[in-house]
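The values are calculated or read from the model by the stated rules, or taken from the named source; none is laboratory data. Quick caveat: nothing in here was measured; it's all calculated off a predicted structure. Note that we place each Cβ from the backbone using ideal geometry, even for glycine, and neighbour counts take in every protein chain shown. Each accessible area value is taken on the protein alone, full model and side chains, heavy atoms only, with ligands, DNA and RNA left out. Shrake-Rupley method; radii C 1.70, N 1.55, O 1.52, S 1.80 Å.
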Amino acid sequence: MSATDLQVDERAVRRTSSPVMGMVLFVAGEAMFFAAFFAGYFQFRSQAKVWPPASVGTPEISIPAVLTAILVTSSIVLQLGLRAVARGRVATFERLLLLTILLGVCFLALQAYDYSQLTFGIKGGIYPSLFYVMTGLHMAHVVGGVVLLSVVGAQTLTGQISQRHHEPVEAAAIYWHFVDIVWLGLFTVYYVAVPR
Amino acid sequence: MASVSVPGETVRGGLLRRPRSTAGFWSWVTTVDHKRIGILYGATAFFFFLVGGVEALFIRLQLAQPDGKILSPSTYNEFFTMHGLTMIFLVVMPLSAAFFNYLIPLMIGARDVAFPRLNAFSCWLFLFAGLFIYSSFALGGAPNGGWFGYAPLSTVEPGNNMLFYSTGLLMAGIASTVSAVNLAVTIINMRAPGMTMFRMPVFIWMALVVQFLLAFSLPIITVGLFESLFDRRFGTHFFDPAAGGDPVLWQHLFWLFGHPEVYILILPAMGIVSEILPVFARKPLFGYQFVVFSGIAIGFIGFGVWAHHMFATGLGPVANTAFGISTMIIAIPTGVKIFNWLGTIWRGDLRFTTPMLFALGFIAQFVVGGLSGVTHAVVPADYQQTDTYYIVAHFHYVLFAGAIFGLFGGMYYWWPKIFGRMLNERVGKVQFWIMAVGANLTFGPMHILGLEGMPRRIQTYTPALGLGVWNLVVTIGAFTIAVSVLIFIGNAVASFRRPKDAPADPWDARTLEWTVPSPPPPHNFDEIPVVHALDDFWHRKYAETEEGTLVPVPAGGSGDPRSDDAHGSGHGIHLPSPSYYPVIAALGFPLIGYGVIFHWWMAVAGAVVVLAGLYGWAFEPAAE
């Protein structure tokens, strides 16, 4: 630790980054948000005789499987980017961040297409209500993630991100992985754990 | 976003310049100083306190006599709903946030919060959310389904009233969540050297518990509000039993938030009282660890009692019994605190200043509310009490005679620190006694009315019911409270006409905020303090002889502020610069809200404004 660092650090807790801690707390709260939705889902599913209802039928799994692959890949790419910036390879990080954002946009476009192919609307009962609102709010979180990553990108372009100041990248990565994990939960309850 | 930077450090990147004004209107709009933001929170909350109070007075005029004709039934519904929403979301929460913002950095020895710009964003978004909800009066009708907005009434009733409820509360919720994360990180991560967790003032501990409660409970009501919003606006069926939905789901989601919310409202006042009592008893807080762990226990158990609001819903005997027991259990840590406060004043060298009177009033009256709360845990009794004025009496004893008394105590206590001027003590004591008489006159007879069977939320009642006398007493009490509030306003206004002459430590207090001048300089501390003990400031001033009597440490000793005539100017300390973007980003949210209710293009415009704010935020330099 250099003399400058010692001067900067007037705090009691020295090694914890505030943006990272803030994001961990925020994501923990977000987990409550989705947990409440999933609890509602299981409550309604346990009361239903047929799930998904006959009017909906068995959901088509191929596009959601691709969506899952896209999102999981993007998480890995972002984590590699984080490792790059932490080791001082900022140019590599910039390329990997751009790739993550592109994968996020692909996810959004493909999910929009998937919505357009569905045969049931949002007003068709409790299953469509749950399906559209849960996946829709998750989609909103992906949009938020793309915005967040692009904000980090803007900070990178203006020289605010470096090996020493890469906490925002780490915070954004925590959020992105969280959104990824929520999708895995949605993918499981809506596409995998259904009678086929 | 380091809040402190090394003198001479070069500016890290950024394209846009940051505002520089330090006085006047724009300096307040663009401020990121936690002290100014605290004052903004406090002023806004007090404004809404007056608005919500006027609503209460109208309600009481309407109910003063049988067959009242002051308010029509529909206006009455709007007034009692808005009174509840205002007092909970726009008064007690932000008034507590005002104390949190102002005091947390000062009490833990920091220069600002962890994320100063996010702090400004939360403050503005809260203000806009409040104005948004109130704009409903001009736009076709205010929320009218009660503060807990039960489905399906809230989702099937015609009009946009309850849409303002769900969208407005979503906004206020975002503001509170952001602020909760910010303040929790501040407390955990920004403490001065030596300020370990168990050297933190109890107020800071209670603040930390509240931030965790907010961060974990607000997301749950957010789900309910989204579902309610979608049911109304986009035709989903979450709460519609005819289409497979379940109205009880709303009650679960609401009260899973709503009960932790009760502790969000009361713990700040408990923290304030825990600061005031030791100072005016001239004794350390009795059982510091017990008070802290009781606060933490309340935080945890608070998530496991929500269904006691739903005993009459029909959850079945097993669930009712379980929640009855958990409700009785949560009374234990609360009782522990009461006894610790009594232990603190026991054989203390008491000074009955205005803050002390409010703190003692808090304890006495909170016990009344707490005891009536325990009676709700008895399920068969609750069947009788539910939705009567007995409930209204209970929660006003804890929230008005409790929380608001604690907050008033805090205002009297910290006023000299915040504004550099003392409030008049004599007037303050008069205000306390009028307010105490008014509160008990208002909320005491409500117990009787409730047990006589008067339901809450009725617009009027017939003379034959014989409820007129007590209702008249209640109304007289409400106006007595109004008089006491006017006296406070007079006291506050008068204080600003006097010179700024409050000393740094007028009360002979124990915590770090009293080591700096009143009002504190923008950078708070010339030198970040190093903390050696709980109540560090007290130990710098007093030592104990072998017999246990206090002797003052001679003036001029190390760290004694009284010897420190020439406070530094703070040159060379870089503070976070003001910013336009928090207020811009916050401004987009009400536009999105109107878009959801009226025209989708407004939502798009709002989203553009939010994004503009965010990117401006990203492109401006971290410090200038």
Given the criteria touching a residue at least 60 places away in the same chain (Cβ under 8 Å) and open to solvent by less than 40 Å² (accessible area, probe 1.4 Å), does B:PHE311 qualify?
yes
Which numbered condition A:PHE107 fails, given (1) open to solvent by 40 Å² or more (accessible area, probe 1.4 Å); (2) within 14 Å of the chain's Cα centre (by Cα):
(1)
Any residue at all in the range A:145-154 that's more than 17 Å from B:GLU620 (Cα to Cα) and open to solvent by less than 40 Å² (accessible area, probe 1.4 Å)?
yes
Would you point out the residue of the range B:343-359, among those that are assigned to a helix (DSSP H, G or I) and either open to solvent by 50 Å² or more (accessible area, probe 1.4 Å) or in contact with a Leu (Cβ under 8 Å, 6 or more places away or on another chain) (or both), that is nearest to B:ARG426 (Cα to Cα)?
B:THR354
Looking across the range B:180-204 at residues that are open to solvent by 10 Å² or more (accessible area, probe 1.4 Å) and part of a helix (DSSP H, G or I), the single one that is nearest to the other protein chains (Cβ to nearest Cβ) is B:VAL181
Apart from one, (1) within 14 Å of another protein chain (Cβ to nearest Cβ); (2) surrounded by fewer than 16 Cβ atoms within 10 Å (Cβ to Cβ); (3) touching a residue at least 12 places away in the same chain (Cβ under 8 Å) all hold for A:GLU60; the odd one out is (1)
Of B:PHE216, B:PHE226, B:PHE290, B:PHE212, the only residue that is among the hydrophobic types (A, V, I, L, M, F, W, C), open to solvent by 10 Å² or more (accessible area, probe 1.4 Å) and within 30 Å of B:HIS539 (Cα to Cα) is B:PHE290
Which listed residue is within 29 Å of the chain's Cα centre (by Cα) and surrounded by 15 or more Cβ atoms within 10 Å (Cβ to Cβ), from B:THR22, B:THR31:
B:THR31
Taking the stated definitions as given, is B:PHE226 within 11 Å of another protein chain (Cβ to nearest Cβ) and more than 17 Å from the chain's Cα centre (by Cα)?
yes
Positions within the range A:112-132 being more than 8 Å from chain B (Cβ to nearest Cβ) and open to solvent by 20 Å² or more (accessible area, probe 1.4 Å), in sequence order:
A:ALA112, A:TYR113, A:TYR115, A:SER116, A:GLN117, A:LEU118, A:THR119, A:PHE120, A:GLY121, A:GLY124
Tell me, yes or no, whether the range B:428-437 has at least one residue that is in contact with a helix residue (DSSP H, G or I) (Cβ under 9 Å, 6 or more places away or on another chain), surrounded by fewer than 14 Cβ atoms within 10 Å (Cβ to Cβ) and at pLDDT 95 or above.
yes
Residue under question is A:VAL66, and the condition is that it be at pLDDT 95 or above and under 13 Å from the mean Cα position of the chain (by Cα); does it hold?
no
Provide a single number: the residues in the range B:149-169 that are open to solvent by 20 Å² or more (accessible area, probe 1.4 Å) and part of a helix (DSSP H, G or I).
3
Evaluate the range A:133-154: report whether one residue or more is facing chain B (nearest Cβ under 9 Å), more than 27 Å from A:TYR190 (Cβ to Cβ) and free of Cβ contacts under 8 Å to residues at least 24 places away in the same chain.
yes
Please verify whether B:LEU253 is out of contact with any strand residue (DSSP E or B) (no Cβ under 9 Å at 6 or more places or on another chain), within 12 Å of chain A (Cβ to nearest Cβ) and either open to solvent by less than 30 Å² (accessible area, probe 1.4 Å) or in a helix (DSSP H, G or I) (or both), treating the condition exactly as stated.
yes
Take B:TYR390 and decide whether it is at pLDDT 95 or above, part of a helix (DSSP H, G or I), surrounded by 19 or more Cβ atoms within 10 Å (Cβ to Cβ) and in contact with an Asp or Glu (Cβ under 9 Å, 6 or more places away or on another chain).
no
Does the range A:45-57 contain any residue that is over 15 Å from the mean Cα position of the chain (by Cα), part of a helix (DSSP H, G or I) and among the aromatic types (Phe, Trp, Tyr)?
no
Enumeration of residues in the range B:105-138 that are within 14 Å of chain A (Cβ to nearest Cβ) and not in a helix (DSSP H, G or I)
B:GLY109, B:ALA110, B:ARG111, B:ASP112, B:VAL113, B:ALA114, B:PHE115
For the range B:566-589, does any single residue satisfy the condition of being buried (at least 16 other Cβ atoms within 10 Å of the Cβ) and at pLDDT below 70?
no
Please go through the range B:110-148 and pick out each residue that is surrounded by 24 or more Cβ atoms within 10 Å (Cβ to Cβ), under 21 Å from B:THR86 (Cα atoms) and not hydrophobic (A, V, I, L, M, F, W, C).
B:SER122, B:GLY130, B:SER136, B:PRO143, B:ASN144
Residue in the range B:463-485 that is of a type outside the set (Lys, Arg), assigned to a loop (DSSP other than H, G, I, E, B), open to solvent by 30 Å² or more (accessible area, probe 1.4 Å) and touching a residue at least 60 places away in the same chain (Cβ under 8 Å) present
no
Could you grab the pairs with beta carbons closer than 7 Å, sequence gap of 6+ or different chains, first residue in the range A:21-49 and more than 8 Å from chain B (Cβ to nearest Cβ) and touching a residue at least 60 places away in the same chain (Cβ under 8 Å), second one part of a helix (DSSP H, G or I) and not aliphatic (A, V, I, L, M)?
A:MET23/A:TYR175; A:VAL27/A:TYR175; A:VAL27/A:PHE178; A:PHE38/A:GLY185
What about B:VAL516, is it open to solvent by 50 Å² or more (accessible area, probe 1.4 Å), more than 22 Å from B:ASP349 (Cα to Cα), at pLDDT 90 or above and within 33 Å of the chain's Cα centre (by Cα)?
no
Could you figure out which of (1) within 14 Å of chain B (Cβ to nearest Cβ); (2) open to solvent by 40 Å² or more (accessible area, probe 1.4 Å); (3) on the phi < 0 side of the Ramachandran plot isn't true of A:HIS166?
(2)
Single unsatisfied condition, B:ASP67 versus (1) surrounded by fewer than 20 Cβ atoms within 10 Å (Cβ to Cβ); (2) closer than 25 Å to B:LEU253 by Cα; (3) not polar (S, T, N, Q):
(2)
